[in-house]
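**Q** Take a look at this one; I'll ask things after.
The values are calculated or read from the model by the stated rules, or taken from the named source; none is laboratory data. Note that the structure is a prediction, hence the values are computed from the model and not measured. Here the Cβ positions follow ideal geometry from the backbone for every residue, glycine too, while neighbour counts run over all protein chains shown. The area values use the complete protein model at the heavy-atom level, side chains included, leaving out ligands, DNA and RNA. Shrake-Rupley method; radii C 1.70, N 1.55, O 1.52, S 1.80 Å.
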2 protein chains.
Amino acid sequence: MAGAPATNKTAIKNVVTALAAAFGNRLVTSQAVREQHGNTLTWVANQPPDAVVFPQTTEDVQQIVRICAGHDVPIIPYGTGTSLEGHVNAPLGGVSIDFRDMNKVLAVHAEDLDCVIEPGVTRKALNEYLRDQGLFFPIDPGADASLGGMAATRASGTNAVRYGTMKDNVLAMKVVLANGELMTTARRAKKTAAGYDLTRLIVGSEGTLGVITELTLKLSGIPEATAAGVCPFPSVDAACNAAILTIQSGIPVARIELLDALQIKAVNAYSKLSLPEKPMLFVEFHGTDASVAEQSERFGAIATELGGGPFDWATKAEDRNRLWQARHDGYHAACQLRPGTSAFATDVCVPISRLAECVNATQAKTAELKLVAPILGHVGDGNFHLTMLVDMNDAAELERAKFLIGWLAELAVSMDGTCTGEHGVGQGKMKYLLAEHGAPALGAMAAIKRALDPQNIMNPGKIVTLA
Amino acid sequence: MAGAPATNKTAIKNVVTALAAAFGNRLVTSQAVREQHGNTLTWVANQPPDAVVFPQTTEDVQQIVRICAGHDVPIIPYGTGTSLEGHVNAPLGGVSIDFRDMNKVLAVHAEDLDCVIEPGVTRKALNEYLRDQGLFFPIDPGADASLGGMAATRASGTNAVRYGTMKDNVLAMKVVLANGELMTTARRAKKTAAGYDLTRLIVGSEGTLGVITELTLKLSGIPEATAAGVCPFPSVDAACNAAILTIQSGIPVARIELLDALQIKAVNAYSKLSLPEKPMLFVEFHGTDASVAEQSERFGAIATELGGGPFDWATKAEDRNRLWQARHDGYHAACQLRPGTSAFATDVCVPISRLAECVNATQAKTAELKLVAPILGHVGDGNFHLTMLVDMNDAAELERAKFLIGWLAELAVSMDGTCTGEHGVGQGKMKYLLAEHGAPALGAMAAIKRALDPQNIMNPGKIVTLA
């Protein structure tokens with residue numbers, strides 16, 4: 001019952017027949033739909049599933065899993081397909097479960113600051129739904145991802161420095177296990193000491209241990225006041241040191257983002273801004289009018305001390321939105337730096353004290369390799385992204401880009417950091433896990449995988465390889 | 001290799017001989033020391049280990065585990081023995097590993113706001129060590145517990161509403177697995193998406209999956225300003241509603257503790273205070289001078305709106321310390337309510353919207369059972385403690401107290417809460433896990449336990465029962 005699942009044609013055919021009987025036209029096998037569900041947003045080849053099914057209930061998902069398990073056929077959960085490391089590819093074939101139709105908000109408990117949702121709800125849809133109640137869900141990875149997918153990949157993003165990542169904001173989940181049983185990971189209490197932390201085990205497991213069919217999420221109150229601004233610095237070091245001092249001083253900054261000079265150049269062109277082409281911090285503060293003013297002032301003093309400035313403060317919502325829209329469009333802006341190329345993003349995270357050194361070394365290595373790759377960083381967490389613009393017709397350039405990803409992963413690990421702060425492992429980062437975690441930890445991950453998925457049918461070929 | 005470990009006398013004798021040869025007088029088998037290491041702080045009978053060993057290094061721990069594993073002999077990690085649910089008892093005999101001598105702070109990374117320590121460092125010792133650097137470790141369960149034990153039991157306490165629990169403040173650990181291998185759960189990056197969250201799996205696993213030999217902890221800056229105060233309320237409902245509104249308004253309260261009228265009576269007598277004998281909130285705010293003043297003012301407005309007051313504010317450190325010392329002495333104060341009795345603490349945690357209802361029902365049931373049991377609550381988290389003062393010579397009273405614990409656990413679970421918010425499972429709360437988690441989740445916990453500890457030698461008889 002262990003090892004690679006059978007991907008023989010007969011098993012697939014039997015599964016497709018059974019699913020079609022149960023789900024009718026909610027089971028799709030067209031080439032276009034299958035390829036769309038194997039989309040990787042990387043240079044990893046598209047490996048489409050054999051079929052795509054659209055469940056409407058948890059019971060549907062249990063039925064799908066039981067049918068697949070009965071034939072050793074892989075299952076790949078699918079949210080919006082915005083993951084960046086090949087998480088939704090189907091290297092061994094199988095059935096993609098698309099949560100498009102499981103997109104209801106089931107309950108909002110305003111007094112408890114939580115809500116219960118289906119996994120296909122996207123973060124923007126949830127925030128739209130919550131706005132009237134003065135609440136919001138703070139995790140913002142940029143893309144309008146599904147919340148099931150965000151939990152599965154332990155997503156974070158710009159607000160994480162203040163509000164944490166998905167691991168901090170998922171209270172509980174319902175998860176269909178490989179045997180078709182429905183596991184509830186926890187109840188709605190804000191904290192618990194009642195046994196193993198199944199919630200945190202499932203968050204970040206990328207569908208390899210079970211399929212999430214319901215989430216209970218922590219919510220936050222929409223802050224009374226928000227202030228934002230941008231500040232240029234003479235160097236990456238100065239900007240990083242400003243971020244370190246901000247965090248150390250206990251300023252509860254909501255967002256603190258580094259854009260390197262090249263990224264600013266891209267943003268200026270794309271968003272019609274005229275920011276100085278230097279390393280810049282984009283910052284945002286949440287609180288009351290008075291506390292936001294105080295935080296801004298204190299941050300300003302730190303920035304000045306480190307040679308930063310002049311400040312450009314935006315307390316008006318429209319100015320603020322324009323700035324943050326420009327930040328959020330950073331990826332699209334980067335793409336325009338070299339029209340005709342493909343953009344590939346990678347991310348690492350290091351202790352904040354090593355961040356400037358890591359960013360500087362990355363810029364130098366990028367130049368040495370004659371690559372174009374602006375940098376965007378969630379610097380309060382020591383996390384940054386490198387967006388490589390690669391001419392896919394130039395095989396040598398593509399090889400240099402692949403080399404740079406591996407080089408950066410190894411550099412981050414050598415600095416006591418991680419090969420991925422928020423994009424996840426998927427297919428792309430598996431090869432770096434041994435260096436990062438060591439054999440005993442990887443062995444423990446494999447043992448847990450085998451214990452919960454002895455047939456290896458849950459998104460196989462991601463995170464851990466079973467011997 | 002599965003099931004209950006062999007506890008035959010020959011195996012124990014062989015292990016003691018091997019440990020004595022390796023550790024000399026750091027291996028102790030005296031009756032007094034063994035009994036002290038089986039101390040449960042509950043009415044669960046003392047079940048002493050067969051021997052106690054005092055390692056000095058991670059390699060020592062690996063050697064101990066390998067010797068025990070070679071003879072199927074259980075291993076029970078021991079910090080300071082302050083756990084409350086029989087975690088350190090040895091129901092199947094075995095070897096207690098006492099971390100008394102592994103008490104060094106190995107590194108403080110002030111820029112990264114983290115430190116690396118051995119598991120025997122206590123929270124007070126760590127904070128003493130850090131004070132000169134303007135840093136502190138915020139988790140405060142009351143007792144001066146070891147940080148290894150606090151991680152193992154997922155401890156929290158008064159500051160958790162603002163700073164989180166141990167799950168939020170442990171970045172990484174070194175853990176000796178059942179096979180003697182040393183696993184590193186994560187690196188020092190503030191966040192990661194690189195595979196299963198082994199850190200959160202070990203936090204709260206109570207020594208049943210491995211033995212913690214090193215911890216990397218998040219630190220916080222000592223706040224520039226602190227304000228604290230006490231406020232009486234006409235009812236438990238009013239006090240709980242004030243807590244809900246405080247959290248909902250986004251006031252970043254650092255501590256918000258409920259003491260019921262009986263607990264206030266106990267505190268007044270013990271700490272020579274003259275607080276009104278009503279439900280009271282003890283609150284504390286951290287921040288800058290201005291933000292602390294603003295938070296206090298806003299909390300005051302909420303309290304007044306709910307019929308609370310008058311306020312007694314203490315901005316002077318000595319007044320504040322006197323109040324919080326009284327709060328921390330709550331357990332000893334409770335004991336004096338009925339001299340000659342024994343005090344037994346239990347805890348539950350519910351969604352905050354159900355807290356008042358849960359506390360009121362608990363007070364009524366306590367009265368109905370003719371028990372004396374003051375209540376203390378970390379109400380920002382929906383978590384509260386019941387301290388039962390039981391005449392151990394009255395068998396009927398003891399039975400009623402045991403009944404009350406089970407009744408309260410079931411009530412909390414029926415309110416979508418947990419049978420323990422912070423004390424953990426140990427031996428005492430195992431019987432409530434099925435109702436709380438359901439069979440699939442308990443099955444997953446057992447599968448994980450079997451996968452990482454196939455011989456069932458790691459603190460067996462706690463959390464999960466293996467069939």
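**Q** I need the full set of residues from region A:314-335 which are closer than 23 Å to A:ASP381 by Cα and outside any helix (DSSP H, G or I), in order please.
**A** Result: A:ASP329, single match.
**Q** List the number of the failed condition for A:LEU466; all other conditions in (1) at negative phi; (2) at the interface with chain B (Cβ under 7 Å from one of its Cβ atoms); (3) open to solvent by 10 Å² or more (accessible area, probe 1.4 Å); (4) not β-branched (Val, Ile, Thr) hold.
**A** Failing condition for A:LEU466: (2).
**Q** Across region B:225-247, what is the number of residues that are surrounded by fewer than 22 Cβ atoms within 10 Å (Cβ to Cβ), among the polar types (S, T, N, Q) and out of contact with any strand residue (DSSP E or B) (no Cβ under 7 Å at 6 or more places or on another chain)?
**A** 1
**Q** Considering only residues that are modelled with pLDDT under 95 and open to solvent by 30 Å² or more (accessible area, probe 1.4 Å), which ones fall in region A:342-372? Break it down stepwise before answering.
**A** We begin by selecting, within region A:342-372, every residue modelled with pLDDT under 95; these are A:342-345.
The answer is A:SER342, and nothing else.
**Q** Conditions: (1) within 26 Å of A:VAL175 (Cβ to Cβ); (2) out of contact with any Phe, Trp or Tyr (no Cβ under 6 Å at 6 or more places or on another chain); (3) free of Cβ contacts under 8 Å to residues at least 60 places away in the same chain. B:ALA367 meets all but one. Number of the miss?
**A** (1)
**Q** So which residues in region A:444-461 are crowded, with 22+ Cβ neighbours inside 10 Å, within 10 Å of another protein chain (Cβ to nearest Cβ) and either touching an Asp or Glu at 6+ places or on another chain (Cβ under 9 Å) or of a type in the set (Gly, Ala, Ser) (or both)?
**A** Selection gives A:ALA444 alone.
**Q** To continue, here is another question. Looking only at region A:317-325, decide whether some residue is at pLDDT below 95 and under 21 Å from the mean Cα position of the chain (by Cα). Reasoning before the result, please.
**A** At the first step, the residues of region A:317-325 found to be at pLDDT below 95 are A:317-325.
If we keep only those that are under 21 Å from the mean Cα position of the chain (by Cα) too, we end up with A:324-325.
Yes: region A:317-325 contains one or more residues that are at pLDDT below 95 and under 21 Å from the mean Cα position of the chain (by Cα).
**Q** For region B:388-424: of the residues being more than 13 Å from B:VAL348 (Cβ to Cβ) and open to solvent by less than 40 Å² (accessible area, probe 1.4 Å), which is farthest from the other protein chains (Cβ to nearest Cβ)? Lay out the reasoning, then the answer.
**A** Step one: of region B:388-424, the residues more than 13 Å from B:VAL348 (Cβ to Cβ) are B:388-403.
If we keep only those that are open to solvent by less than 40 Å² (accessible area, probe 1.4 Å) as well, we get B:388-390, B:397-398, B:401.
Details: B:MET388: 19, B:LEU389: 24, B:VAL390: 23, B:GLU397: 27, B:LEU398: 24, B:ALA401: 21 Å.
Out of the qualifying residues, it is B:GLU397.
**Q** Looking at B:VAL116, B:VAL108, B:VAL121, B:VAL95, which is the one that is buried (at least 17 other Cβ atoms within 10 Å of the Cβ), more than 30 Å from B:GLU284 (Cα to Cα) and at pLDDT 95 or above?
**A** Values: B:VAL116 fails: more than 30 Å from B:GLU284 (Cα to Cα); B:VAL108 fails: more than 30 Å from B:GLU284 (Cα to Cα); B:VAL121 fails: more than 30 Å from B:GLU284 (Cα to Cα).
When all the criteria are applied, what remains is B:VAL95.
**Q** Here is a further query. Go through region A:176-187 and give me each residue that's over 17 Å from A:ARG450 (Cα atoms) and more than 7 Å from every other protein chain (Cβ to nearest Cβ).
**A** Matches in region A:176-187: A:ALA186 only.
**Q** Where in region B:182-279 are the strands (runs of 3 or more DSSP E), entirely inside, with at least 3 residues that are modelled with pLDDT of 95 or more and in contact with a helix residue (DSSP H, G or I) (Cβ under 7 Å, 6 or more places away or on another chain)? Walk me through how you get there before you give the answer.
**A** Details: elements: B:182-184, B:211-218, B:225-232, B:255-259.
Strands (runs of 3 or more DSSP E) meeting the threshold: B:182-184, B:211-218, B:255-259.
**Q** Any idea which of B:GLY157, B:GLY149 is over 22 Å from B:PRO223 (Cβ atoms) and in contact (Cβ under 8 Å) with a residue 24 or more places away in the chain? Spell out how you get there, then give the answer.
**A** On the way: B:GLY157 fails: over 22 Å from B:PRO223 (Cβ atoms).
Going through B:GLY157, B:GLY149 in turn, just one is over 22 Å from B:PRO223 (Cβ atoms) and in contact (Cβ under 8 Å) with a residue 24 or more places away in the chain: B:GLY149.
**Q** Something else now. Tell me whether region B:319-333 contains one or more residues that are hydrophobic (A, V, I, L, M, F, W, C), in contact (Cβ under 8 Å) with a residue 60 or more places away in the chain, open to solvent by less than 40 Å² (accessible area, probe 1.4 Å) and touching a helix residue (DSSP H, G or I) at 6+ places or on another chain (Cβ under 8 Å). First the steps, then the outcome.
**A** Here is the first cut: in region B:319-333, the residues hydrophobic (A, V, I, L, M, F, W, C) are B:323-324, B:326, B:333.
Then drop every residue that is not in contact (Cβ under 8 Å) with a residue 60 or more places away in the chain, which leaves B:323-324, B:333.
Still in the list and also open to solvent by less than 40 Å² (accessible area, probe 1.4 Å): B:323-324, B:333.
Imposing the further condition that a residue be touching a helix residue (DSSP H, G or I) at 6+ places or on another chain (Cβ under 8 Å) reduces the set to B:333.
Within region B:319-333 (the criterion being hydrophobic (A, V, I, L, M, F, W, C), in contact (Cβ under 8 Å) with a residue 60 or more places away in the chain, open to solvent by less than 40 Å² (accessible area, probe 1.4 Å) and touching a helix residue (DSSP H, G or I) at 6+ places or on another chain (Cβ under 8 Å)), the answer is yes, since at least one residue qualifies.
**Q** Is it the case, given these coordinates, that A:SER291 is out of contact with any strand residue (DSSP E or B) (no Cβ under 7 Å at 6 or more places or on another chain), open to solvent by less than 40 Å² (accessible area, probe 1.4 Å) and either at pLDDT below 95 or not basic (Lys, Arg) (or both)? Let's see the steps before the verdict.
**A** Details: out of contact with any strand residue (DSSP E or B) (no Cβ under 7 Å at 6 or more places or on another chain): yes; open to solvent by less than 40 Å² (accessible area, probe 1.4 Å): yes; either at pLDDT below 95 or not basic (Lys, Arg) (or both): yes.
Answer is yes for this residue.
**Q** So, in region A:100-112, how many residues would count as being under 24 Å from the mean Cα position of the chain (by Cα) and over 14 Å from A:LEU126 (Cβ atoms)?
**A** Looking only at that region, the number is 2.
**Q** It is to be established whether one or more residues within region A:210-222 are surrounded by fewer than 24 Cβ atoms within 10 Å (Cβ to Cβ) and facing chain B (nearest Cβ under 7 Å).
**A** Among the residues of region A:210-222, at least one is surrounded by fewer than 24 Cβ atoms within 10 Å (Cβ to Cβ) and facing chain B (nearest Cβ under 7 Å), which makes the answer yes.
**Q** Return yes or no: is B:LYS190 within 14 Å of chain A (Cβ to nearest Cβ), touching an Asp or Glu at 6+ places or on another chain (Cβ under 7 Å) and farther than 30 Å from B:LEU19 by Cβ? Walk me through how you get there before you give the answer.
**A** Numbers: within 14 Å of chain A (Cβ to nearest Cβ): yes; touching an Asp or Glu at 6+ places or on another chain (Cβ under 7 Å): yes; farther than 30 Å from B:LEU19 by Cβ: yes.
Spelling it out, B:LYS190 is indeed within 14 Å of chain A (Cβ to nearest Cβ), touching an Asp or Glu at 6+ places or on another chain (Cβ under 7 Å) and farther than 30 Å from B:LEU19 by Cβ.
**Q** Under 7 Å between Cβ atoms, which residue pairs at least 6 apart in sequence (or on different chains) link something in region B:223-239 that is within 14 Å of chain A (Cβ to nearest Cβ) and in contact (Cβ under 8 Å) with a residue 40 or more places away in the chain with a partner that is crowded, with 20+ Cβ neighbours inside 10 Å and part of a helix (DSSP H, G or I)?
**A** Final answer for the pair search is B:ALA225/B:VAL292; B:THR226/B:VAL292; B:ASP237/B:ALA356.
**Q** Another question, then. Please go through region A:281-313 and pick out each residue that is within 14 Å of chain B (Cβ to nearest Cβ), in contact (Cβ under 8 Å) with a residue 12 or more places away in the chain and assigned to a helix (DSSP H, G or I).
**A** Result: A:ASP289, A:SER291, A:VAL292, A:ALA293, A:GLN295, A:SER296, A:ARG298, A:PHE299, A:ILE302.
**Q** Separate question: Given the options A:LEU92, A:LEU84, name the one that is more than 14 Å from chain B (Cβ to nearest Cβ) and in contact (Cβ under 8 Å) with a residue 12 or more places away in the chain.
**A** On the way: A:LEU84 fails: more than 14 Å from chain B (Cβ to nearest Cβ).
Residue meeting the stated conditions: A:LEU92.
**Q** Let me ask something else about it. Within region A:5-37, how many residues turn out to be over 29 Å from the mean Cα position of the chain (by Cα), open to solvent by 50 Å² or more (accessible area, probe 1.4 Å) and under 20 Å from A:PHE99 (Cβ atoms)?
**A** Initially, region A:5-37 is screened for residues over 29 Å from the mean Cα position of the chain (by Cα), giving A:6-25.
The next check asks that each one be open to solvent by 50 Å² or more (accessible area, probe 1.4 Å); those that pass are A:7-10, A:13-14, A:17, A:21, A:25.
Remaining after also requiring under 20 Å from A:PHE99 (Cβ atoms): A:25.
Of the residues in that region, 1 qualify.
**Q** Can you find even one residue in region A:170-179 that is small (Gly, Ala, Ser), more than 29 Å from A:ILE247 (Cα to Cα) and open to solvent by less than 10 Å² (accessible area, probe 1.4 Å)? Don't jump to the end; show me each part of the working.
**A** Step one: list which residues in region A:170-179 are small (Gly, Ala, Ser), which gives A:172, A:178.
When the remaining residues are screened for being more than 29 Å from A:ILE247 (Cα to Cα), the result is A:172, A:178.
With open to solvent by less than 10 Å² (accessible area, probe 1.4 Å) added as a condition, the list becomes A:172, A:178.
Yes, some residue in region A:170-179 is small (Gly, Ala, Ser), more than 29 Å from A:ILE247 (Cα to Cα) and open to solvent by less than 10 Å² (accessible area, probe 1.4 Å).
**Q** Please give the number of the condition B:ASN127 fails out of (1) in contact (Cβ under 8 Å) with a residue 40 or more places away in the chain; (2) assigned to a helix (DSSP H, G or I); (3) not hydroxyl-bearing (Ser, Thr, Tyr).
**A** The failed condition is (1).
**Q** Taking the criterion of being free of Cβ contacts under 8 Å to residues at least 40 places away in the same chain, within 14 Å of chain A (Cβ to nearest Cβ) and open to solvent by 50 Å² or more (accessible area, probe 1.4 Å), would at least one residue in region B:134-145 satisfy it?
**A** No, region B:134-145 contains no residue that is free of Cβ contacts under 8 Å to residues at least 40 places away in the same chain, within 14 Å of chain A (Cβ to nearest Cβ) and open to solvent by 50 Å² or more (accessible area, probe 1.4 Å).
**Q** Quick check on my filter: what residues within region A:147-175 are of a type in the set (S, T, N, Q) and either farther than 19 Å from A:CYS115 by Cβ or at the interface with chain B (Cβ under 9 Å from one of its Cβ atoms) (or both)?
**A** Step one: list which residues in region A:147-175 are of a type in the set (S, T, N, Q), which gives A:153, A:156, A:158-159, A:165, A:169.
Matches in region A:147-175: A:THR153, A:SER156, A:THR158, A:THR165.
**Q** Which residue pairs have Cβ atoms closer than 7 Å, lie 6 or more positions apart in sequence or on different chains, and pair a first residue in region A:430-443 that is within 12 Å of B:LEU182 (Cα to Cα) and facing chain B (nearest Cβ under 8 Å) with a second residue that is open to solvent by 40 Å² or more (accessible area, probe 1.4 Å) and not in a helix (DSSP H, G or I)?
**A** Sorted first by the residue in region A:430-443, then by its partner, the pairs are A:HIS437/B:THR184; A:GLY438/B:THR184; A:PRO440/B:GLU181; A:PRO440/B:LEU182; A:ALA441/B:THR184.
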